[in-house]
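J.: Sharing a structure below in structure tokens format, with a few things to ask.
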Amino acid sequence: MAAETEALADTEINWARLDKTRFHVIGAILFTAQQAVIHPTAVVKTRMQVADSRLAHLPATLVFRHILRHDGLPGIFRGFATCAIGSLPGRVLVLTSLEMSKDFMLNYTQALHMPHTTRVALANGVAAMFSTLLSSLYFVPLDVICQRLMAQGLPGASSYNNPFDVARKVVKAQGFRGLYRGFGLTVLTNSPASALWWGAYAAAQRIIWRSLGYRDDAEKKPCHMEMVSVQATAGMVAGACSSVITTPIDTIKTRLQVLDDYGAGRPSVVKTTKTLVKEDGWWGLYRGFGPRFLNMSLYGTTMIVTYELIKRLSVKHI
């Protein structure tokens with residue numbers, strides 16, 4: 001077991017081995033670039049989930065072209081600056097809490113008699129759930145603002161001048177809790193989904209390494225391209241599976257956060273779900289599934305490759 005751990009040490013860099021300043025600075029730069037790559041798919045997904053049935057039933061490629069035709073290139077990057085800049089403090093919170101809690105869980109489970117793959121998957125899963133719970137306090141208001149900026153111009157969606165205008169209008173109309181619309185759904189969905197994603201990723205990565213022959217031979221170490229390929233594959237699988245499970249709740253959450261025209265009474269999960277099912281039937285819960293599947297698959301692949309690269313670039317030089 002020790003030999004296996006040593007052979008794959010570069011693929012499992014823990015918190016103690018990281019230069020924290022370099023980790024967060026490099027992370028901010030690379031994750032912003034990664035976010036820029038996948039942001040257009042998030043805009044398409046949001047518009048399909050929020051729009052009326054005519055636009056929602058169009059193929060994602062046509063929705064993309066529709067946005068380009070009417071809003072130009074800025075249209076597919078609507079809300080990007082707000083999301084990118086606003087995410088910077090949140091990423092510090094996410095990465096720090098994820099790595100510290102993962103380290104704690106690995107140390108805590110060290111004395112337990114369980115296979116190393118199971119132990120790593122459990123540590124990753126628990127750490128991801130805790131990190132998501134903590135970071136949701138920061139990211140839900142940011143998500144509400146970003147979603148509203150992305151959905152501008154659609155029926156039922158309000159217009160805004162900038163992110164501060166969004167926050168001001170939401171708080172004025174609904175109070176401070178308006179910025180936390182969908183918080184319960186976010187926590188209910190993202191915490192177990194994040195735990196499943198990171199647990200599956202860790203387990204898949206170990207299984208792939210073993211299938212490639214990296215077992216007890218400490219002399220045989222993976223090269224850089226092998227690490228990138230294996231981590232990208234594991235991330236893509238984890239992201240694709242997660243999108244299938246979480247799209248219905250994400251659709252409800254997005255509409256709840258963006259639309260204000262619900263007739264009498266305050267918007268609710270039940271009211272939002274009933275409206276969506278009435279419009280499109282139960283398949284309406286999978287509005288925007290194509291771009292979301294692509295978004296999460298791309299996100300899973302690019303995020304984990306970027307994340308693992310950040311960790312390798314941030315290892316302390318002793």
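The values are calculated or read from the model by the stated rules, or taken from the named source; none is laboratory data. This structure is a prediction, so every number in the text was calculated from the model and none was measured. Heads up, the Cβs are rebuilt from the backbone with ideal geometry, glycines too, and the neighbour counts pull from every protein chain shown. We work out accessible area using only protein heavy atoms, side chains counted, and drop any ligands, DNA or RNA first. Shrake-Rupley method; radii C 1.70, N 1.55, O 1.52, S 1.80 Å.
J.: What does the net charge come to around Thr21 if you take all other residues with beta carbon closer than 15 Å to its beta carbon, with K and R at +1 and D and E at -1?
T.: Details: positive: Arg17, Lys20, Arg22, Arg91, Lys311, Lys316; negative: Asp19, Glu99.
Charge balance in the 15 Å sphere: +4.
J.: Here's something else I'd like to know. Quickly rank 300-312, 68-80 as a protection proxy: mean count of other C-beta atoms within 10 Å, highest first.
T.: 300-312, 68-80
J.: Related question: How do His66, His317 stack up against each other in accessible area, from largest to smallest, with a 1.4 angstrom probe?
T.: His317, His66
J.: Additional query: Nearest 10 degrees is fine. How inclined is helix 60-76 to the longest principal axis of the chain, computing both from alpha carbons?
T.: Around 80 degrees separate the two axes.
J.: Normalising by the residue count of the stretch 1-314, find the relative contact order in percent from Cα pairs under 8 Å and 6+ residues apart.
T.: This gives 29 percent for the stretch 1-314.
J.: Still on this structure: Stick to Cα atoms and the Kirkwood definition of Rh, then tell me Rg/Rh for the chain.
T.: 1.00
J.: Also, quick follow-up: Could you identify which residue out of Ala111, Ala28, Ala157 has the top mean-square fluctuation in a GNM of the chain using Cα springs shorter than 10 Å?
T.: Fluctuation is largest for Ala111.
J.: Using a Gaussian network for the chain with springs between C-alpha atoms less than 10 Å apart, which of these wobbles most: Val144, Val270, Val258?
T.: Val270
J.: Hey, what does the equivalent ellipsoid look like for the stretch 80-221, semi-axes from the Cα gyration tensor as sqrt of 5 times each eigenvalue, largest first, whole Å? Please list the in-between numbers first.
T.: Working: eigenvalues 319, 49, 32 Å².
Square roots of five times the eigenvalues give 40, 16, 13 Å.
J.: Same structure again: Quick one: among Ser242, Ser158, Ser194, which has the greatest mean-square fluctuation in a GNM of the chain with alpha-carbon springs under 10 angstrom?
T.: Sorting by GNM fluctuation, first place goes to Ser158.
J.: Give, as a single signed number, the net charge of other residues whose beta carbon lies under 9 Å from the beta carbon of Thr117, with Lys and Arg counted +1 and Asp and Glu -1.
T.: Taking every Cβ under 9 Å from that of Thr117, the sum is +3.
J.: Using 0.36 nm per residue of separation minus the Cα-Cα distance, give me the extension gain between Leu93 and Leu154 in nm, one decimal.
T.: Residue separation times 0.36 nm, minus the Cα-Cα distance, leaves 18.6 nm.
J.: Turning to a different aspect of this structure: When the chain is fully extended, how far beyond the present Cα-Cα distance does Ala16 get from Val270, taking 0.36 nm per residue of separation?
T.: Computed gain between Ala16 and Val270 is 86.9 nm.
J.: Please work out the average accessible area per residue across the chain, using the 1.4 Å probe convention, and give it in Å².
T.: With the other protein chains kept in place, the chain gives 47 Å² per residue.
J.: Relative to the longest principal axis of the chain, what angle (0 to 90°, nearest 10) does the C-alpha long axis of helix 116-150 take?
T.: Roughly 30 degrees between the two axes.
J.: So if I place +1 on the C-beta of Lys and Arg and -1 on the C-beta of Asp and Glu, and nothing else carries charge, what would the dipole magnitude of the chain be about its Cα centre? I want it in debye, nearest 20.
T.: Working: 34 positive and 21 negative charges, 202 e Å.
Roughly 960 debye, rounded to the nearest 20.
J.: Farthest toward the dipole's positive end in the stretch 159-318, which of Gly184, Gln205, Phe293, given Cβ charges of +1 (Lys, Arg) and -1 (Asp, Glu) about the Cα centre?
T.: Positive-most Cα among the choices belongs to Gly184.
J.: A follow-up question, please. What spacing in nm lies between the two simple spin-label points modelled at Phe104 and His66, each 7 Å away from Cα in the Cβ direction?
T.: 4.6
J.: Continuing with this model, one more query. When the accessible area of the chain is computed with all protein chains present and a 1.4 Å probe, what percentage of it is carbon and sulfur?
T.: Working: 10210 of 15050 Å².
Using a 1.4 Å probe with all protein chains present, the chain comes out at 68 percent carbon and sulfur.
J.: Related question: For the stretch 137-255, what is the per residue volume of the convex hull drawn over the alpha-carbon atoms, in cubic angstrom?
T.: Spread over its residues, the Cα hull of the stretch 137-255 gives 147 Å³ apiece.
J.: Phe183: net charge of surrounding residues, Cβ under 10 Å, Lys/Arg +1, Asp/Glu -1, itself excluded? Don't jump to the answer; show the numbers that get you there.
T.: Values: positive: Arg177, Arg181, Lys253; negative: Asp143.
Neighbour charge sum, excluding Phe183 itself: +2.
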